[in-house]
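In what follows, a structure is listed as structure tokens, so that the remarks can point back to it.
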Amino acid sequence: MRRLFVYYRIAAADLDTAVAAVKTLHAALRTEQPALRCEVLRRPRVDAAGLLTLMEAYTADNTGIDEPRAAQIEARAAAAMKAFVVGDRHTEIFEPTG
């Protein structure tokens, strides 16, 4: 079952607002796709520039995340987080080894 991971940096001062925006996005995506599981994580440290890294993680019960679904999720997430992201968003797809 493939999983989608998207990570990016934000200003540490924007953490609460950015996480609220991600959670709002996740709620909307789960309403549209009830099998979708979403999570937002953060690195525990803030770098010297005052930035921290957030990671969104997505998987779907029984079906996983295929390329079209990943592209759809990433487009929605990029739009929702545009105001917060410093630099680029990085998207990775992983699958279990066995």
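Quick note: the coordinates plus some simple rules give every number you see, no bench work behind them. This structure is a prediction, so every number in the text was calculated from the model and none was measured. Cβ sites come from the backbone with ideal geometry, for glycine too, and all protein chains shown count toward neighbours.
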Since Thr97 meets every condition but one in (1) β-branched (Val, Ile, Thr); (2) touching a residue at least 12 places away in the same chain (Cβ under 8 Å); (3) within 15 Å of Met1 (Cβ to Cβ), which condition does it not meet?
(2)
From Ala57, Ala75, Ala21, Ala70, which residue is free of Cβ contacts under 8 Å to residues at least 12 places away in the same chain and within 13 Å of the chain's Cα centre (by Cα)?
Ala75
State all residues of the stretch 1-29 that are of a type outside the set (A, V, I, L, M, F, W, C) and in contact with a Lys or Arg (Cβ under 7 Å, 6 or more places away or on another chain); if no residue qualifies, say none.
Tyr8
Looking at Ala48, Ala80, Ala57, which is the one that is within 22 Å of Ala12 (Cα to Cα) and in contact with a Leu (Cβ under 6 Å, 6 or more places away or on another chain)?
Ala80
